[in-house]
1. Considering only the stretch 254-269, state which residues are surrounded by 17 or more Cβ atoms within 10 Å (Cβ to Cβ) and more than 20 Å from the chain's Cα centre (by Cα).
2. So, in the stretch 139-159, exactly how many residues are over 22 Å from residue 92 (Cα atoms) and within 13 Å of the ligand (Cβ to nearest atom)?
3. Of the residues in the stretch 186-212, how many are surrounded by fewer than 20 Cβ atoms within 10 Å (Cβ to Cβ), in contact with a strand residue (DSSP E or B) (Cβ under 6 Å, 6 or more places away or on another chain) and under 20 Å from residue 239 (Cβ atoms)?
4. Take the residues of the stretch 91-102 that are over 20 Å from the mean Cα position of the chain (by Cα) and in a loop (DSSP other than H, G, I, E, B): which is surrounded by the fewest Cβ atoms within 10 Å (Cβ to Cβ)?
5. Being assigned to a helix (DSSP H, G or I), out of contact with any strand residue (DSSP E or B) (no Cβ under 7 Å at 6 or more places or on another chain) and over 15 Å from residue 185 (Cβ atoms) is the filter here, so list the residues in the stretch 237-269 that pass it.
6. Tell me, which residue of the stretch 56-85 that is assigned to a loop (DSSP other than H, G, I, E, B) and crowded, with 22+ Cβ neighbours inside 10 Å is modelled with the highest pLDDT?
7. Go through the stretch 72-90 and give me each residue that's within 13 Å of the ligand (Cβ to nearest atom) and touching a residue at least 40 places away in the same chain (Cβ under 8 Å).
8. All but one of (1) assigned to a strand (DSSP E or B); (2) loosely packed, with under 15 Cβ neighbours inside 10 Å; (3) in contact with a helix residue (DSSP H, G or I) (Cβ under 6 Å, 6 or more places away or on another chain) hold for residue 272, so report the exception by its number.
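The values are calculated or read from the model by the stated rules, or taken from the named source; none is laboratory data. Being a predicted model, the structure only gives us computed values, none of them experimental. Here the Cβ positions follow ideal geometry from the backbone for every residue, glycine too, while neighbour counts run over all protein chains shown.
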Ligand SMILES: C[S@@+](CC[C@H](N)C(=O)[O-])C[C@H]1O[C@@H](n2cnc3c(N)ncnc32)[C@H](O)[C@@H]1O
């Protein structure tokens, strides 16, 4: 690919932007030219393709988190029995586990957990490799459960319902669940093709994230092309997207009350014209 793709990326890189789930998006560029779309997809398909959660080091490069999320979750998880779903490589979980020795985290990817352990050997005992959909953590165990960085977007509606029921069960009475999603209100619904954002991560390494939407199935495929040393690797992440009322309804169906929907971790009522991240808080009563 790689010469063609590099040329293409050079041209696009003038339009600096970041991916939807890398940060609140600024200046995402929409590619609508049919020829360019076909060329991009051909080039992407001919590069080596990996599941993003099996490439922990590259995940860290491509996905640095939503702006402001670390501080928010560190505050929410600072005390009590706290469960973190999808700890990843420990970006948020490692400082959280150090400040709260009662915090525990789960993740289903061996590769992500191995990197977390390698970087943070002092908190190894607080992390469990497990599938959040099937793990039985027991009833009434936690004061708080947190699922940062669009964790729920990894699941379709049915699995999300199962997950939320498990979360509800494992919370103590009065316990609180905190999570977030990217805001679908900033998606390019009336445009064809795909979005791209380009991020020069460090000298010589560049990440271009292409987002391909299916607005009937409410899915978004993120393809992160990591280019380094003349070689390209494509990391694939498949997400669903949800409108705030849909997630609110799923939380209510799982038994939660007092669902609160705010924006960008600012404790302001969510405003679709302003906020890029939807933040949810719900209580077990
Ligand atoms: C978007 S990443 C977020 C990682 C981390 N919270 C962060 O903010 O960087 C989602 C994480 O969830 C994990 N994951 C995906 N499906 C899971 C499941 N069914 N059970 C537990 N973890 C899962 C992935 O391996 C990945 O580490």
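1. Across the stretch 254-269, the qualifying residues are 254, 256, 259.
2. Within the stretch 139-159, the subset over 22 Å from residue 92 (Cα atoms) is 139-140, 156-159.
So of that shortlist, the ones also within 13 Å of the ligand (Cβ to nearest atom) come out as 156, 159.
Number satisfying all stated conditions: 2.
3. Total meeting the criteria: 4.
4. Filtering the stretch 91-102 down to residues over 20 Å from the mean Cα position of the chain (by Cα) leaves 98-102.
Those still in the list that are in a loop (DSSP other than H, G, I, E, B) too: 100-102.
Working: 100: 19, 101: 10, 102: 13.
Step by step, filter the stretch 91-102, then rank; the result is 101.
5. Taking the stretch 237-269 and keeping what is assigned to a helix (DSSP H, G or I), we get 244-253.
Okay, now just the ones that are also out of contact with any strand residue (DSSP E or B) (no Cβ under 7 Å at 6 or more places or on another chain), so 245-246, 249-250, 253.
Matches in the stretch 237-269: 249, 250, 253.
6. Going through the stretch 56-85, the residues assigned to a loop (DSSP other than H, G, I, E, B) turn out to be 63-68, 77-81.
Remaining after also requiring crowded, with 22+ Cβ neighbours inside 10 Å: 63, 66, 77.
Numbers: 63: 90, 66: 93, 77: 97.
Here the answer is 77.
7. Quick first cut of the stretch 72-90, residues within 13 Å of the ligand (Cβ to nearest atom) only: 72-74, 77, 83-90.
Correct list: 72, 73, 77, 83, 84, 85, 86, 87, 88.
8. The number of the failed condition is (1).
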